[in-house]
Amino acid sequence: MSIDEQWYETQLSVPVVIVGAKSVQDAINIAVAEVGTRTKSTEARSSEILVQDVIYPSYVYEMKPALCVTDLALVALTVIVEMLAESHEESERIAKCELCV
């Protein structure tokens, strides 16, 4: 660790494409597991995976953060990781690179 390096918290919005999901909840579960596997393989000190809330002003309720069509789903997740870097910008770049965003 260099004297200039510190731990920086970086928040990323991660879209995940899932093939073969049977339902919206199934797609969300698979996406969280897949991103969890990716974050474990990085050198992040800590990580948190959140399912994004999708709120439409004209509706009273929240909607699921996934779009499913014919065995294909797109899930929106938020990933917060602490990365060792020389600046916040570098920690973002490293996180994007390692999480394949």
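What to note about this one:
- Its Kirkwood hydrodynamic radius, worked out from the mean inverse distance over all distinct Cα pairs, puts the chain at 14.6 Å.
- Accessible surface of the chain, 1.4 Å probe, proportion on carbon and sulfur as whole %: 54 percent
- Those lysines that a straight Cα-Cα span of less than 18 Å connects to residue 22, excepting residues fewer than 8 apart in one chain: 64
- Residue-normalised accessible area of the chain, expressed per residue, 1.4 Å probe, Å²: 66 Å²
The values are calculated or read from the model by the stated rules, or taken from the named source; none is laboratory data. Quick caveat, the model's predicted, so the values are computed rather than measured. The area values use the complete protein model at the heavy-atom level, side chains included, leaving out ligands, DNA and RNA. Shrake-Rupley method; radii C 1.70, N 1.55, O 1.52, S 1.80 Å.
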